[in-house]
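Below is one structure, written out as structure tokens, with a few remarks after it.
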Amino acid sequence: MSRKQNTIRKGKDHFSLTGGESQELQMILDRLAVQDPEGESFEGYLHSLRNSVSGRPLLGAVLIDSLSRNPNQTGFRTFQALYETIDASPYKRNLKQAAYRFSQKGFKAAEKISAPEKVVLIQGEHRKPTAHMCMVPGTMWIVSAFIPEALQGGYALITAFLEDDFATFNVRVAESRTQKLYRDYLQELSVHAIGGRAHEIPLWHAARLFFELLDFWTGKGSYAHLERARDFFKRYHEPDRRPYVYDLMPEIEYPERHFSELKIEELFEAMDLSWLSFGKEELSPYHEKIKSLDSPLLVVPREVQVERGLDVLHDAAESLCVGAKLFLYERFFEEQAMAFKLSGAEDKAHWAWIIARSLAGPSPVGKNPAVLQLVRYSMRFHWNEDFVSAQETEQPPERERRTESGIILP
């Protein structure tokens, strides 16, 4: 790529990308060159790209400048998606020049942004709905949306999340005349979020999450805010469409073959696992079976006891992680994979995706390392004195053994 494409001019000064940024720019341009602007995955890629460029106005401005020099439908849609992420003050002139170039090639909407007064397209873009998902400890899937209200001329700010072990479904709908309330709200959420950020998601996916939270909710009844949110999200709900993560992550054939790549402990450190726990009553029969393996009446080699203990955990996973619980696990890890991907945590996104794809397939759930570990975590929570964690011992004593999935049996 030429130096001209790697710089933009502000007044008498030129601002250049670093070497690493230039390489990233070229990768983005190469990716855009093979995108179908009418394809199903293009909108998902634009959301991902917008997250990557957010907070990096120079990269965004140079990218838009490059695209406007060879205008096409893909470049124009990218321009529309990204220009709001750029601080207009230092790059206002560059945005107008890019808009003019697009308008010269027949992209009429661009002409409106190239006018001296920044109206119409900017306002039109502001009128577009937007949505985010945020993971905050103690809550499940804080879903937020900012949706224009055609009649009143303002916006509806919607937030929804579960807490109290699925017993409380918090839904609020506020009214606003500007986007400032929503921006302030997202900033406040990000302070408390795992990973320190809210993830922008398509509105159809936010609608999916809202109705899934409603299904996971163990409470009953309704109230005004919930019904208002339901009415808004109905407009965008596409129940037959797969979750957004499928637009972001590659398909994995035979995910079980990738179990050896998993680093369960490292993955789980960045998650609130309380939503996936198993109850004491349902685990009690399996806990008793594991305790019986230590009975002095059992005259069998220790290795046999360990294998039998692992079999008990397999049985517990197979019996308890079924139906609605299995669906919860699958969706939980799908959303975690999406969040990690949007945060740039590629390894964790890959690990969570392996787990999710395995849970969605025909392989036995009792063989899934994540489910096995969560069965053990739940047992340890309920009967802490009977279990030892990997952090409590560098070398498992002779009477203990760590399984391939990281579980240490008593």
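Quickly work out the E261-to-Q23 label distance, labels modelled 7 Å from Cα along the C-beta direction, and quote it in nm with one decimal.
The two pseudo-label positions are separated by 2.1 nm.
If I ignore ligands, DNA and RNA and count only protein heavy atoms, how much of W383 is accessible to a 1.4 Å probe, in Å² to the nearest 10?
About 30 Å², ignoring ligands and nucleic acids.
Please give the solvent-accessible surface of F102 in Å², to the nearest 10, using a probe radius of 1.4 Å with every protein chain present.
Ignoring ligands and nucleic acids, F102 comes out at about 0 Å².
Within 10 Å, count the other beta carbons around each residue, average over each peptide in 251-261, 200-210, and list them highest first. Before the final figure, lay out the partial values.
Values: 251-261: 13.0, 200-210: 22.8.
Packing order, densest peptide first, comes out as 200-210, 251-261.
Pairs K128/K180; K280/K325; K325/K367; K291/K325; K263/K348: which exceed 18 Å Cα-Cα?
K291/K325
Between E253 and R177, what FRET efficiency follows from the Cβ-Cβ distance if R0 is 35 Å, with the result rounded to 0.05?
0.10
P(r) of segment 194-337 in 5 Å steps, Cα pairs, percent per bin?
The distribution over segment 194-337 is 2, 7, 11, 15, 16, 16, 11, 9, 6, 4, 3, 2, 1, 0, given as percents.
Any chance you could look up the accessible area of T178 with a 1.4 Å probe, heavy atoms only, rounded to 10 Å²?
Probe radius 1.4 Å; accessible area of T178 about 80 Å².
Would you please classify the overall shape of segment 158-246 from the alpha carbon gyration tensor, given that a ≥ b ≥ c denote the square roots of the eigenvalues, rounded means a/c under 1.5, and beyond that prolate means a/b larger than b/c while oblate covers the rest?
Numbers: a/c = 1.29, a/b = 1.19, b/c = 1.08.
Because its axes are fairly even, with a/c under 1.5, segment 158-246 counts as rounded.
Run the paramagnetic zone check for W217: 7 angstrom along Cα to Cβ, then residues of segment 162-203 with backbone nitrogen under 17 Å.
Residues 162-174 qualify, since their backbone N sits under 17 Å from the label point.
The values are calculated or read from the model by the stated rules, or taken from the named source; none is laboratory data. Since the structure is predicted, the reported quantities are computational estimates derived from the model, not experimental observations. Virtual Cβ from ideal backbone geometry, glycine too; neighbours counted across all protein chains shown. Remember, those area values only see protein heavy atoms, side chains included, never the ligands or the DNA or RNA. Shrake-Rupley method; radii C 1.70, N 1.55, O 1.52, S 1.80 Å.
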